[in-house]
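Participant: The structure that follows is given in the form of structure tokens.
Every number here is computed from the coordinates shown, using simple stated rules; none is lab data. Because the structure is a prediction, the values reported are computed rather than measured. As a convention, Cβ positions derive from the backbone with ideal geometry for all residues, glycine included, and neighbour counts pool all protein chains shown.
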Amino acid sequence: MKLILAVVSNDDSSSVSNSLIKGGFQITKLASTGGFLKTGNTTILIGLDDDKVDDAIEIIKKESRKRTEIIPSGSSYEFGRYATYPVNVPVGGATVFVIDVDKCLKF
Ligand code: 2BA
């Protein structure tokens, strides 16, 4: 048995967890905070059989693929008025750890 720990962005956490549940996986979601940026992210725990690890990773990869989004940002003073301008911001991505599990007990 394995335990997957997947750190995903809060934006992707619903689609990742919904797809995992749809795929038959049991999950636990933890609210977490990145040590570097100190912003919120979501850590998803998945206990699963060894032969299901690749399937779960595929789902996580598909639902949290790194991409850029265009968001309005900042303001510039041009032609006598302030305006926002669009910038490309990288979002998404996941950090995945796969750990061996000796035992899983439920009481
Ligand atoms: P990522 O490497 O994609 O990591 C995203 C989040 O995943 C991290 O949030 C952290 O919560 C978790 N994570 C990543 N690697 C981990 C590991 N080896 N062990 C435990 N948790 C891990 P943040 O710590 O806030 O980092 C956000 C982004 O800032 C990172 O994206 C990376 O691009 C950058 N970063 C992190 N540490 C850095 C450093 N020391 N110097 C430069 N850039 C750094």
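Participant: Determine whether segment 48-63 contains at least one residue that is within 13 Å of Val98 (Cβ to Cβ), touching a helix residue (DSSP H, G or I) at 6+ places or on another chain (Cβ under 8 Å) and within 16 Å of the ligand (Cβ to nearest atom).
Facilitator: Taking every residue of segment 48-63 in turn, at least one turns out to be within 13 Å of Val98 (Cβ to Cβ), touching a helix residue (DSSP H, G or I) at 6+ places or on another chain (Cβ under 8 Å) and within 16 Å of the ligand (Cβ to nearest atom).
Participant: So, in segment 1-18, exactly how many residues are away from the ligand (no atom under 13 Å from the Cβ) and over 18 Å from Lys66 (Cβ atoms)?
Facilitator: 6
Participant: Output yes when any residue across segment 54-72 is surrounded by 10 or more Cβ atoms within 10 Å (Cβ to Cβ) and more than 19 Å from the chain's Cα centre (by Cα), and no when none is.
Facilitator: yes
Participant: Let me ask you something else. Can you pull out every residue in segment 19-47 that is within 19 Å of Val91 (Cβ to Cβ), loosely packed, with under 12 Cβ neighbours inside 10 Å and more than 8 Å from the ligand (Cβ to nearest atom)?
Facilitator: Across segment 19-47, the qualifying residue is only Ala31.
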